[in-house]
1. Please go through the range 175-202 and give me each residue that is over 19 Å from the mean Cα position of the chain (by Cα) and part of a helix (DSSP H, G or I), ordered by number.
2. Six or more apart or on different chains, Cβ atoms under 7 Å: show the pairs whose first residue is in the range 31-44 and within 22 Å of Val193 (Cβ to Cβ) and whose second is part of a loop (DSSP other than H, G, I, E, B).
3. Being among the β-branched types (Val, Ile, Thr) and either surrounded by 12 or more Cβ atoms within 10 Å (Cβ to Cβ) or under 21 Å from Phe36 (Cβ atoms) (or both) is the filter here; which residues of the range 137-157 pass it?
4. What are the residue pairs meeting all of these: first residue in the range 102-130, first residue in contact (Cβ under 8 Å) with a residue 60 or more places away in the chain and charged (D, E, K, R), second residue part of a strand (DSSP E or B) and buried (at least 23 other Cβ atoms within 10 Å of the Cβ), Cβ atoms under 6 Å, and 6 or more apart or on different chains?
5. Taking the conditions exactly as written (in a helix (DSSP H, G or I), under 24 Å from Pro2 (Cβ atoms) and in contact with a Leu (Cβ under 6 Å, 6 or more places away or on another chain)), does Val140 satisfy them or not?
6. From the list Ala20, Ala26, which one is small (Gly, Ala, Ser), modelled with pLDDT of 95 or more and either part of a loop (DSSP other than H, G, I, E, B) or within 17 Å of Thr172 (Cα to Cα) (or both)?
7. Need a quick list: helices (runs of 4 or more DSSP H) entirely within the range 36-112 having at least 1 residues that are buried (at least 18 other Cβ atoms within 10 Å of the Cβ) and basic (Lys, Arg).
8. Six or more apart or on different chains, Cβ under 6 Å: which pairs go from a residue in the range 159-184 that's at positive phi and touching a residue at least 40 places away in the same chain (Cβ under 8 Å) to one that's among the small types (Gly, Ala, Ser) and assigned to a helix (DSSP H, G or I)? Could you list them?
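The values are calculated or read from the model by the stated rules, or taken from the named source; none is laboratory data. All values reported here derive from a predicted model rather than from experimental measurement. Ideal geometry is used to build each Cβ from the backbone, glycine not excepted, and the neighbour counts take in all protein chains shown.
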Amino acid sequence: MPEFSVLTVCSGNICRSPLAEQILRARLADLPSIEFASAGTFAGEGDRMPDEAAELSVRFGGDPSQHSARYLTEQIVGGSDLILAMSRSHRREIVELVPRKVSVTFTLREFARLSEGLPDAEIAEAASRGTTVRAGLAEVVALVVSRKGQVGLPSSTDVDDIIDPYRRSAETYERSAAQLVPAAEEVARVLRVAAGAAGPAL
């Protein structure tokens, strides 16, 4: 049974957030203690991914075939342990919806930027303080939060955002993926190391 839930969020839940969700799920498919979901701040319930986004998911190892868009609700946010927004505006909406989740809500690129300099050993040490996988992963999220003062502000205000490619050119989809995929890979690295060191052996 999953112990730790990761939620990715964008606007329509058909391009950026499902791509991030599917990449994370693919990279960590062997870790049943972590579950992945996505939602959108103004999603149309049941909408499918456009072909361009679905093709990107397949290219990077994801499976878009079962995706169905969901509207972001207080209940969805409240049940999530780590929330990764695709832009700062989404992050703001999430925190306004459920203020108590502020400490576990980042943009995807923000989390990756903060965690990038963390060695595996430091992540594992933090995770090992948890007696369960969920507690260990929560320790690692807190570790990433603590790096905000050390890493400092990004070089420009939009560094933590991922461009929205919806109804735009193929080139824009590629640019969006070039921002999203490396960040998702870094999040997957952190979660894998943390899950391996936290709580009982998986």
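1. Matches in the range 175-202: Ala197 only.
2. Short answer, once both residue conditions are applied: Leu31/Leu202; Pro32/Pro2; Ser33/Pro2; Ser33/Glu3; Ser33/Leu202; Ile34/Pro2; Ile34/Leu28; Glu35/Pro2.
3. The answer is Val140, Val141, Val144, Val145, Val151.
4. none
5. No; evaluated as a whole, the condition is false for this residue.
6. Ala20
7. Those helices (runs of 4 or more DSSP H) span 88-97.
8. From the range 159-184, no pairs qualify.
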